[in-house]
Amino acid sequence: MNGPLNTAVPAALPAGVVLPVQDGVVRPSASPGAPHVLDALPAEGPGWRMLLTKEVMRFWRVAFQTIAAPVLSAVLYLLIFGHVLSGRVQVYPGVSYVAFLAPGLVMMSVLQNAFANSASSLVQSKIMGNLVFQLVTPLAARHWFAAYVGAAVARGLLVGLGVYAVTLLYAPPRMAAPLWVLIFALLGAGLMGVLGLLAGLWSDKFDQMAVFQNFIVMPMTFLAGVFYSVHTLPGVWRTVSRFNPFFYLVDGLRHGFFGVSDVSPWLSLAVSGACLALVSALTLHLLRIGYKLRY
């Protein structure tokens, strides 16, 4: 190197003149005397991809805890409920209760782990104080959104695949409509990744995040028809279940496996897609204004 680059900005500039920035360095004007505007640092490509890689590696480095442990928990549900209720409950004709249970456990694992990934990452960054290093980067709100939600989707799908692989040992593989399975798995992981990011923005510590997870996410997940069909519920509770957006995700995934469901998969797609769009718009707005990020 011939020496450090001179990045000092003059103490005073002529009126209407702002020196352009290129590659993080203040460059002299190509046409002295002509007005200039300040160019934003180019961060469209490598910036958000580096943040995405960081978020993925965050859970991958402790995969035994973030992937293997949730798979084991889902398998325990399968063994316990399958052993107790197998042969006594049949929801769909020709479908055993263990087979019926498998798609619900897959979706439940996808939802819970996608939420936990984005929420815990952002709250941890707030508590440890390293969030400031991301705030000084020229990343836009959409870059933060893509990185955090992308990593959450990756973790949710990995856990879901692990649960599905283990359930094949207990129930014969059935997949009547693989495209529906893929669509609802992505919708579920995406929706919960965004909700996790929203919870992380709102929470200042893990206690607040736990309130969101324990009193909203977990009850709605368990009451989404994971272990039962809503048609077996009394009339009032059947109606209440229709207002649970997680029900449509579970029911849509189950349609992909067996070709039958409690409601039309197109209705499930419309409700799930609308919820994802609504929550995404809200979260992007909060990211743009720096809600609870800039103090």
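Laboratory data are not the source of any read-out in this text; all were calculated from the coordinates shown. Nothing here was measured: the structure is a model prediction, and the numbers come from that model. In this analysis, Cβ positions are derived from the backbone assuming ideal geometry, glycine residues included, and neighbour counts consider all displayed protein chains.
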P(r) over all Cα-Cα pairs of the range 156-213, 10 Å bins from 0 to the longest distance, whole percent per bin, short to long, reads 20, 36, 26, 16, 3
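Please give the peptides 254-260, 202-208 ranked by average Cβ packing (other Cβ atoms within 10 Å per residue), highest first, as a rough proxy for protection. Intermediate values should be presented prior to the final figure.
Values: 254-260: 21.3, 202-208: 14.4.
Answer by packing, highest mean first, reads 254-260, 202-208.
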Here the range 94-103 yields Karplus 3J(HN,Hα) values (6.51, -1.76, 1.60; θ = phi - 60°; whole Hz; Gly and Pro given as x) of x, 10, 5, 5, 5, 5, 4, 5, 4, x
The ³J(HN,Hα) series, computed from each phi in the range 204-220 with the Karplus coefficients 6.51, -1.76 and 1.60 at θ = phi - 60°, rounded to the nearest Hz and given as x for glycine or proline, is 9, 8, 5, 4, 5, 5, 5, 4, 4, 6, 7, 9, 10, 5, 5, x, 5
Whole-Å distance linking the alpha carbon centroid of the range 119-133 with that of the range 142-200 is 24
Restricting to lysines and to Cα separations under 17 Å from K205, and discarding same-chain partners fewer than 8 apart, the set is K126, K292
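I'd like the per residue volume of the convex hull spanned by the Cα atoms of the range 161-295, given in cubic angstrom.
Details: hull volume 17.4 nm³, N = 135.
Roughly 129 Å³ of hull volume per residue.
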Under the 7 Å Cα-to-Cβ spin-label approximation, K54 and M128 lie apart by a distance in nanometres of 1.0
